[in-house]
Amino acid sequence: MSELTRDIEPTPDIALIARWQRGDQRAATELVGRHAQALARFAVTQGIRDGVDELVQDTFVRAFHSLESFRADSSLRTWLFTILKRLVLDRQRSEQRQRSTVELDEEHAVQDFNALDGMVADETLLRVRQAVARLSPLQREVFTLRVTEGMPYTEIARVVGSTEGACRVHYHNAMRAVKEYLSDD
Amino acid sequence: MTECPDDVLRDLLPEYALEALGTAASARVAAHLAECAACRAELALLGQVHGTLTRGVPRVDVAAVVAALPRPMPRPVAIPAARRWVMRPVWQYAAAAGLLLAAGSGVAWQRAAGGHAARLADSTLVQSAGRVQAVQATQAARAESGISFGGGLSDLSVDELQSLLGQMDTLRALPSSDPASMTPVIAMNEGGKTL
């Protein structure tokens, strides 16, 4: 992105929402296109392997069903992440219940996050992924939202249900832990 | 691995890596990076982590998501301004009814009491009728028994009727027939004592 275009503000989400409410379907396409991939990234970093598309779609459907209640006191993206986070938790709980009734081998008992390791060919990428996988769930959420989305601490705090100060501490602790893990080689 | 002591600048590194900073902040970080090896190393690590975490993320089918979205709900239609009078509060109707009742009672009281105002009204009406009679000699017989609305109106011309209505309007504008104030007037001398 060039210096010139970086500071140009796109149409605000709230304006697109208003256009969609007046029946403009293109506004919905723009909103989904703007946020869908970020939601998919977040789902994957939270250990979702299958049905990422479906999860992202459910997030948007739920959000659009209750857009009337969206007060814009936070950004639409933050609101979408909050919805997605709840859906991810629901799915993980559901999977845990299924695991409790089906006997699984030792390989499946490790953290969900490690299940993506097979997709990573590069040894360095594997090490980075392992370093992130070792973080606590809350640290991992804060760290990935900060690193992959550049989300401000105030918005991260809304998504994970914490405070801005606590999120800052979680991020720096996570960064330190990742550095230490990678420097142990 | 050492860490940069400038926490504010370090906090901007993720946005800088994503090219999400404004021009001024971006220039500030770039100037800092030129001098700080720890931040350069952290920026490189951020790039590695970002590349790793975003690798293998499936592409979302935007059209499929949009197709699954609900249709926007139509907003409630505003009530036209011309019909809003129907929605006035009940107290306004009650006040209007009370006003009409009071006016009606006043007129009834005037007629029943036969006081000065009523007599004045009668004389005014008689005068009015007299003028009409002057125009129409055929109504002379009715003048003896005062004004009469029975059957005679149809014989009047438009001008005569308007004249009569004008006289009635002056009747409505008569001074109030309410009793005079009963507040006693107390005369006092210079010492403040009543006389």
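The values are calculated or read from the model by the stated rules, or taken from the named source; none is laboratory data. Nothing here was measured: the structure is a model prediction, and the numbers come from that model. Note that we place each Cβ from the backbone using ideal geometry, even for glycine, and neighbour counts take in every protein chain shown. In case anyone asks, the SASA skips ligands and DNA or RNA and just uses the protein heavy atoms, side chains included. Shrake-Rupley method; radii C 1.70, N 1.55, O 1.52, S 1.80 Å.
A compact table of results
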quantity: Close pairs (7 angstrom Cβ cut-off, 6 or more residues apart or separate chains): farther than 13 Å from B:L46 by Cα in segment B:13-28, among the hydroxyl-bearing types (S, T, Y) anywhere; calculated: B:S26/B:Y16
quantity: Filter pass, A:L135 being open to solvent by less than 30 Å² (accessible area, probe 1.4 Å), facing another protein chain (nearest Cβ under 9 Å) and either more than 16 Å from A:I48 (Cβ to Cβ) or modelled with pLDDT under 95 (or both); calculated: no
quantity: Answer residue from segment B:52-63, given it is assigned to a helix (DSSP H, G or I) and at the interface with chain A (Cβ under 7 Å from one of its Cβ atoms) and is nearest to the chain's Cα centre (by Cα) among those; calculated: B:V62
quantity: Residues within segment A:154-171 that are more than 8 Å from chain B (Cβ to nearest Cβ) and either open to solvent by 40 Å² or more (accessible area, probe 1.4 Å) or free of Cβ contacts under 8 Å to residues at least 24 places away in the same chain (or both), tallied; calculated: 12
quantity: Selected residue (criterion: nearest to the other protein chains (Cβ to nearest Cβ)) from residues of segment A:62-86 that are over 11 Å from the mean Cα position of the chain (by Cα) and open to solvent by less than 30 Å² (accessible area, probe 1.4 Å); calculated: A:F64
quantity: Verdict on A:L145 being over 18 Å from the mean Cα position of the chain (by Cα) and assigned to a helix (DSSP H, G or I); calculated: no
quantity: Count of residues meeting criterion [open to solvent by 40 Å² or more (accessible area, probe 1.4 Å) and within 8 Å of chain A (Cβ to nearest Cβ)] in segment B:21-51; calculated: 3
quantity: Filtered residues of segment A:14-39 (kept if more than 16 Å from A:S66 (Cα to Cα) and among the polar types (S, T, N, Q)); calculated: A:Q25, A:T29, A:Q37
quantity: Residue count, segment B:52-61 (criterion: closer than 26 Å to A:L31 by Cβ and open to solvent by less than 30 Å² (accessible area, probe 1.4 Å)); calculated: 3
quantity: Scan of segment B:25-39 for residues that are more than 18 Å from A:Y171 (Cα to Cα) and outside any loop (DSSP other than H, G, I, E, B), ordered by number; calculated: B:A25, B:S26, B:A27, B:R28, B:V29, B:A30, B:A31, B:H32, B:L33, B:A37
quantity: Test for B:R40: is it at pLDDT 95 or above, of a type in the set (D, E, K, R) and more than 30 Å from A:T29 (Cα to Cα); calculated: yes
quantity: Among the candidates A:T59, A:T45, residue that is modelled with pLDDT under 90, crowded, with 20+ Cβ neighbours inside 10 Å and outside the structural domain of A:V159 (by TED's automatic domain parsing); calculated: A:T45
